[in-house]
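Bear in mind that the values in this text are calculations on the coordinates, not laboratory data. Everything quoted here is computed from the prediction, not taken from an experiment. For neighbour counting, all protein chains shown are included, and Cβ atoms are generated from backbone atoms with ideal geometry for every residue, glycine included.
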């Protein structure tokens with residue numbers, strides 16, 4: 001399985017993602033934002049970080065960078081594109097995912113472990129996954145998912161919510177909503193479910209000595225699904 | 001032609017920064033405020049001298065980059 005991680009100026013989770021993908025068997029290539037062509041890929045990842053210093057709006061500049069034309073074409077052809085954290089912000093700014101990510105409700109940069117519940121497993125990211133609730137890390141200032149009433153209705157109708165912030169047992173409530181996101185949304189799909197954006201960082205949960213192993217479960221399952 | 005444009009959050013969008021500014025102003029003694037909404041202001045110095053054309057270009061810039069129309073509105077307030 002071939003994967004590509006795009007590095008934008010200001011990305012800082014690109015190498016973590018590279019380590020994670022390789023650990024679970026992907027042949028990963030790092031791709032510079034100024035390149036025009038994507039290498040042959042089964043998965044393209046937009047990593048976390050602070051592309052372009054979060055100028056204007058998070059992800060807005062990166063969404064217009066040269067490589068994004070190829071990423072848009074790849075996604076439109078059904079290619080799997082996953083955006084983590086700032087990568088999620090880039091995907092909404094690029095129009096590949098609906099909605100937008102606003103400043104966190106309480107204006108704090110949040111850096112902590114959270115639990116997220118998988119909403120639906122009928123997609124190539126979570127099919128066959130053995131767990132329902134994952135402990136992942138979040139680190140963001142703008143993760144407050146927002147969209148219009150009409151859009152949230154459409155997202156719901158198409159079952160596009162990927163992950164909810166929850167407690168350890170998977171209960172979805174305001175207490176476990178770290179940033180004010182509508183409906184506790186931590187991650188969403190596009191309609192076709194080949195594009196996934198999420199605020200949590202599974203790549204930070206792949207080493208039992210450093211963190212947990214819920215990221216390992218995610219990546220192991222993902223590569224098996226893509227095979 | 002210098003085109004000035006302001007970008008504001010749409011009415012239904014939560015503005016936590018505006019809320020904090022409101023609260024701080026309130027603490028400072030400015031107690032007669034109903035609401036504070038924070039926005040952005042751009043001054044774009046375009047090369048042409050045709051007002052209509054420059055404004056059209058800036059409008060396109062707003063739609064494509066400067067504003068996110070899911071949450072923001074834009075308004076050209078001056079061209080000179």
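How far apart, in nm, are two points set 7 Å out from the Cα along the Cα-to-Cβ line at residue B:25 and at residue A:131?
Placing both labels 7 Å along Cα→Cβ, they lie 4.7 nm apart.
Helix B:51-61 sits at what angle to the longest principal axis of chain B, using alpha carbons and giving 0 to 90 degrees rounded to 10?
Helix B:51-61 sits roughly 60 degrees off the main axis of chain B.
Let me check I have the definition right: for region A:98-227, take the eigenvalues of the Cα gyration tensor, multiply each by 5, take square roots. What are those semi-axes in whole Å, largest first?
Equivalent ellipsoid of region A:98-227: 22, 19, 12 Å, largest first.
Region B:1-78 to region A:112-172: how many Å between their Cα centroids?
Distance between centres, Cα-based: 32 Å.
Running a GNM on chain B with Cα contacts under 10 Å, which residue among B:11, B:47, B:57 ends up with the highest mean-square fluctuation?
Among B:11, B:47, B:57, the largest mean-square fluctuation in the Gaussian network model of chain B belongs to B:47.
Determine the percent antiparallel among the DSSP beta bridges restricted to the protein assembly as shown, to the nearest 5.
70 percent
Give me the three principal axis extents of region A:1-150 from the C-alpha atoms, as integers in angstrom, largest value leading.
Sorted largest first, the three principal extents are 41, 40, 32 Å.
Out of A:138, A:90, A:172, any idea which swings most in a Gaussian network model of chain A, alpha carbons joined below 10 Å?
Maximum fluctuation in the GNM of chain A, among the listed residues, is at A:172.
Ignoring everything except DSSP H segments at least 4 long, calculate the 222 nm mean residue ellipticity for chain A; use -39,500 (n - 2.57) per segment, divide by total residues, nearest 500.
Rounded to the nearest 500, it is -6500 deg cm²/dmol.
Of the listed peptides A:83-89, A:125-131, B:70-76, what is their order by residue-averaged count of other C-beta atoms within 10 Å, with the highest listed first?
By packing density, highest mean first, the sequence is A:83-89, B:70-76, A:125-131.
Starting from the Cα gyration tensor of region A:3-50, take the square roots of the eigenvalues, sort them a ≥ b ≥ c, and report rounded, prolate or oblate (rounded when a/c is under 1.5, otherwise prolate if a/b is larger than b/c, else oblate). Can you show the working numbers first?
Details: a/c = 2.55, a/b = 1.14, b/c = 2.25.
The shape class here is oblate.
Taking the Cα-to-Cβ direction at residue A:225 and at residue A:34 and moving 7 Å from each Cα, how far apart do the two end points lie in nm?
Simple spin-label model gives 3.5 nm for this pair.
I need the calculated FRET efficiency for the pair residue B:55 and residue A:168, taking r as the beta carbon distance and R₀ as 51 Å, to the nearest 0.05.
0.40
Taking the Cα centroid of region A:24-78 and of region A:194-209, what is the distance between the two, rounded to the nearest whole Å?
17 Å
Can you give the Rg and Dmax of chain B based on its C-alpha atoms, in angstrom?
15.7, 47
Output the relative contact order of region A:1-74, whole-number percent, from Cα pairs under 8 angstrom with separation of 6+ residues.
Over region A:1-74, the number comes to 39 percent.
Just to verify a number: FRET efficiency for residue B:34 and residue A:23, C-beta to C-beta distance, R0 = 45 Å, to 0.05?
For R0 = 45 Å, the calculated efficiency reads 0.25.
I want to check the label-to-label distance for residue A:73 and residue B:41. Put each point 7 Å from Cα in the C-beta direction and report it in nm to one decimal.
Between residue A:73 and residue B:41, the label points sit 4.3 nm apart.
What's the Cα-based Rg to Rh of region A:61-146, Rh via Kirkwood?
1.00
Could you tell me what a quarter of the Cα convex hull surface of the protein assembly as shown works out to, in nm² with one decimal place? Spell out each step's value before the answer.
Working: hull surface 71.9 nm².
Averaging across all directions leaves 18.0 nm² for the Cα convex hull.
Counting only DSSP beta bridges with both residues in region A:1-118, tell me the antiparallel percent, nearest 5.
Here the antiparallel bridges make up roughly 5 percent for region A:1-118.
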